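Reviewing the structure listed below.
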Amino acid sequence: MRILCLLKWVPDVDQLRYDRERNILIRENARLMLNPEDATAMATALGLKRDAPDTYIEAVSMAPRGAMPHLEDLVRRGIDHVTLISDPRHAGSDTWATSRVLARYLGTRDFDCVFCGTHTLDGGTGQVPAQLAEVLGLPLMVGICALVKLISQEGQAVVDVEGETAMMRFSIALPAVLGFQYSPERKLPYIQYEDLNRDVSSRITVLGNDKLGMDESELGLKGSLTQVRRLEVDALEAKDPVLLRVDQDGIDKVYHWLEQKGFLQP
Amino acid sequence: MKRVLVYIDEDAVEDSIDLLEVGRLIYGDKGFCSYALAAGVRYGAAGSLFDYMFQVKNGALPNYDTATIARCIEFLHRIYCFDAIVVPATHCGRMIAPRAAMRLHAGLVADVTGIGTDGDEVLMVRPAFSGRMLATVVCRGSGPVMMSVRPRVFTYEEPVLKSAEIIDVDVQDMKTPGIQLIERREKSEARDIRTSEVLISGGGGVIRDFHLLERLAEALHGMVAASRKVVDMGKAPRAIQVGQSGKIVSPRLYIALGISGSAQHVAGIRDAEYIISVNTNRQAPICSMSDIVVEGDSRAFVEGLLNRIEASNTQNSGDQKR
């Protein structure tokens, strides 16, 4: 079984501070984290490898070269190989351009399955898995909450999905693109102490556009079919709250407030 | 006359039909001709609200066959040259729209919550960074304007009644095997928290006392909701999760018990009219957007308030007896 895991590092949204005067989010110093749903996908793949050690997992990420320490840690956690697709010309790519770059690389690989998260925390469009599946001509399912089975000999995956109105179980022909929903039970394994400084450079490949050979007009802003015109902080209306304590006085005041606003109708 | 195609998701028929409002916002009431793609077996009132309705010949297409539906949208666009293609951002809609956009070489904006125009350009507004930012995005290139739209943000009010002309579509040559539905279990028909005027919502601070929330919800004629933390820990079903990654709610009253207010949670309650937050930390992010902040233990608050309500009810019924 060969699994490709698509991974993205995103800023920790709760660490973004809001500058009220300038109406901007301060993104510097915000910790980068592996997108939680991508981590669930990767943890699922590593779980399969634990049960079937001949499973081969390659992680693929599009990121600046600064992501390298994070990628090295993936190998120390049990990923067989990491491919970093990195080129300054990718900056500003929308999902159309991004999925075409990923498809260009994935098209050169032999695999049974692509694992990824359904959404990312930053842009959160959730479009890349579907656009990638379309370019590669593969079946797709996202919002997966459980992988029931994945058998390369049978050429099928069975997955559970939570839809709007129903829980569904699907059988999907391989190769396919599978997008996972966040699941806190599936955690990445810790790095073993003896592996903390293990040299893993031979397991990492960095690919620029010179290797992928896409036309420059297909990359970055030039290659994108959407453009962000404005990015505004959705500032919350700061209120001036009444401060109370959990004591008889506080509870009486809340009670009277509820009564006055009509929330205590019999 | 502009042409707008709306995809009707059979799992969210009414929400899909409401996307006619998007066409109205872009092109005005009389500025566009509406087309519905009803690929499934259910299409509700679409037949009396659209100008044209495409129906799949020889049986419906299930909404999870996203590859075939995307091909079908491409096929129709090649004939009808739509100016805008609008898809509900449902589980399947989120797979169909990107696949179709890729086939049409069209830009696509996901999860749209606001629409504007600037001359001939369509401006689409969508939340980003877990709802902390709003991005205004435009489509470039010659393709149709394509978007997936968050359900229930737009409602098609004062509809113009029509009698749709049915157009059969033959999808025999488009079918792409690959996905089979093995089992489907409908979720219980519990009321949707988005319909409740009062929500009693619990977070990490009340995880052990979550059962108490139900009593307070009953006393205030509301429903119980939960933060992602509680749902992730398996203490509450995902259907009642509030936030960017759960449901976006707009109750009259939101009582947040032991919820600190992460960015993604706050993004889900910004339209609540009143917020009361109960927290041991009055510096928690949720407090600055609250009308009342009660500092202290949530369990003690719930029990105290329930006692207060009950005492008052007893007194009232005593008064009536006298």
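This table checks each residue for (1) facing chain B (nearest Cβ under 7 Å); (2) among the acidic types (Asp, Glu); (3) crowded, with 18+ Cβ neighbours inside 10 Å.
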| residue | (1), (2), (3) |
| --- | --- |
| A:LEU174 | no, no, yes |
| A:TYR190 | no, no, no |
| A:GLU194 | no, yes, no |
| A:GLY208 | no, no, no |
| A:THR226 | yes, no, yes |
| A:VAL254 | yes, no, yes |
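Starting from residues that are exposed (fewer than 14 other Cβ atoms within 10 Å of the Cβ) and either under 22 Å from B:ASP232 (Cα atoms) or not hydroxyl-bearing (Ser, Thr, Tyr) (or both), keep the ones in the stretch B:185-203 and report whichever is nearest to the chain's Cα centre (by Cα). Once the filter is applied, the top-ranked residue is B:ASP192. Restricting attention to the stretch A:146-185, the residues being small (Gly, Ala, Ser), part of a loop (DSSP other than H, G, I, E, B) and farther than 13 Å from B:TYR64 by Cβ number 3. Of the residues making up the stretch B:124-172, those that are away from chain A (no Cβ under 14 Å), at pLDDT 90 or above and not in a loop (DSSP other than H, G, I, E, B) number 5. If you take the residues in the stretch B:196-220 that are in a loop (DSSP other than H, G, I, E, B) and in contact with a helix residue (DSSP H, G or I) (Cβ under 9 Å, 6 or more places away or on another chain), which one is farthest from the other protein chains (Cβ to nearest Cβ)? Once the filter is applied, the top-ranked residue is B:GLY203.
Considering the conditions (1) touching a helix residue (DSSP H, G or I) at 6+ places or on another chain (Cβ under 9 Å); (2) surrounded by 22 or more Cβ atoms within 10 Å (Cβ to Cβ); (3) more than 18 Å from B:ALA128 (Cβ to Cβ), B:LYS247 is excluded by exactly one of them, (2).
A:VAL128 passes every criterion in (1) touching a residue at least 60 places away in the same chain (Cβ under 8 Å); (2) more than 10 Å from chain B (Cβ to nearest Cβ); (3) under 22 Å from A:ALA43 (Cα atoms); (4) of a type in the set (A, V, I, L, M, F, W, C) apart from (2). One residue is enough: does the stretch B:288-296 have a residue meeting the conditions surrounded by fewer than 16 Cβ atoms within 10 Å (Cβ to Cβ) and more than 21 Å from A:ASP234 (Cβ to Cβ)? Checking the stretch B:288-296: not a single residue is surrounded by fewer than 16 Cβ atoms within 10 Å (Cβ to Cβ) and more than 21 Å from A:ASP234 (Cβ to Cβ).
Yes/no per residue for (1) under 29 Å from the mean Cα position of the chain (by Cα); (2) under 20 Å from A:GLN260 (Cβ atoms); (3) at pLDDT 90 or above:
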site	(1), (2), (3)
B:GLN241	yes, no, yes
B:ILE255	yes, yes, yes
B:ALA267	yes, no, no
B:GLY296	no, no, yes
B:ASN313	no, yes, no
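Among the residues of the stretch B:54-71, which ones are more than 10 Å from every other protein chain (Cβ to nearest Cβ) and hydroxyl-bearing (Ser, Thr, Tyr)? Listed by number, the list holds a single entry, B:THR68.
Of everything listed in (1) touching a residue at least 60 places away in the same chain (Cβ under 8 Å); (2) surrounded by fewer than 24 Cβ atoms within 10 Å (Cβ to Cβ); (3) in a loop (DSSP other than H, G, I, E, B), the single unmet condition for B:ARG3 is (3). For A:ARG65, the test of being away from every other protein chain (no Cβ under 14 Å) and more than 22 Å from A:LEU138 (Cα to Cα) is passed.
Can you spot a residue in the stretch A:62-84 that is touching a Ser or Thr at 6+ places or on another chain (Cβ under 9 Å), hydroxyl-bearing (Ser, Thr, Tyr) and crowded, with 21+ Cβ neighbours inside 10 Å? No, every residue in the stretch A:62-84 fails to be touching a Ser or Thr at 6+ places or on another chain (Cβ under 9 Å), hydroxyl-bearing (Ser, Thr, Tyr) and crowded, with 21+ Cβ neighbours inside 10 Å. Determine, yes or no, whether A:GLU218 is under 21 Å from the mean Cα position of the chain (by Cα), within 14 Å of chain B (Cβ to nearest Cβ) and charged (D, E, K, R). In short, no. For the stretch B:122-146, the tally of residues that are of a type outside the set (Lys, Arg), over 19 Å from A:SER93 (Cβ atoms) and touching a residue at least 40 places away in the same chain (Cβ under 8 Å) stands at 6.
Exactly one residue among B:VAL86, B:VAL125, B:VAL56 is hydrophobic (A, V, I, L, M, F, W, C) and either over 15 Å from B:ALA39 (Cα atoms) or not assigned by TED's automatic domain parsing to the domain that holds B:GLU165 (or both), and that residue is B:VAL125. Of the strands (runs of 3 or more DSSP E) that lie entirely inside the stretch B:221-322, those containing 1 or more residues that are away from chain A (no Cβ under 11 Å) and touching a residue at least 24 places away in the same chain (Cβ under 8 Å) span B:223-226, B:253-257.
This table checks each residue for (1) polar (S, T, N, Q); (2) within 27 Å of B:ASP271 (Cβ to Cβ); (3) more than 8 Å from chain B (Cβ to nearest Cβ).
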position	(1), (2), (3)
A:LYS211	no, no, yes
A:MET214	no, no, yes
A:ARG230	no, yes, no
A:VAL233	no, yes, no
A:LYS239	no, yes, no
A:ARG245	no, no, no
A:TRP257	no, yes, no
A:LYS261	no, yes, no
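All conditions but one from (1) modelled with pLDDT of 90 or more; (2) farther than 16 Å from A:LEU178 by Cβ apply to A:CYS5; the one that does not is (2). When A:ALA146, A:ALA166 are screened for being out of contact with any Pro (no Cβ under 7 Å at 6 or more places or on another chain), at the interface with another protein chain (Cβ under 9 Å from one of its Cβ atoms) and without any contact (Cβ under 8 Å) to a residue 40 or more places away in the chain, only A:ALA166 passes.
A single member of B:SER16, B:SER48, B:SER34 is more than 14 Å from chain A (Cβ to nearest Cβ), in contact with a helix residue (DSSP H, G or I) (Cβ under 9 Å, 6 or more places away or on another chain) and either in contact (Cβ under 8 Å) with a residue 60 or more places away in the chain or within 19 Å of B:CYS72 (Cα to Cα) (or both), and it is B:SER34. Candidates in the stretch B:76-107 are the residues that are in contact with a Ser or Thr (Cβ under 8 Å, 6 or more places away or on another chain) and of a type in the set (D, E, K, R); of these, the one that is farthest from A:PRO139 (Cα to Cα) is B:ARG94. Total residues in the stretch B:10-53 satisfying the condition of being assigned to a helix (DSSP H, G or I) and charged (D, E, K, R): the figure is 4. One residue stands out among those in the stretch A:50-87 that are without any contact (Cβ under 8 Å) to a residue 40 or more places away in the chain and part of a helix (DSSP H, G or I): the one that is farthest from A:PHE180 (Cα to Cα), which is A:GLY66.
The residue of the stretch B:163-174 that is surrounded by the most Cβ atoms within 10 Å (Cβ to Cβ), among those that are in contact with a Leu (Cβ under 8 Å, 6 or more places away or on another chain) and closer than 14 Å to B:CYS72 by Cα, is B:VAL171.
The values are calculated or read from the model by the stated rules, or taken from the named source; none is laboratory data. Small disclaimer: the values here were computed from a predicted structure and weren't measured. FYI the Cβ positions are ideal-geometry reconstructions off the backbone, even for glycines, and counts take in every protein chain you see.
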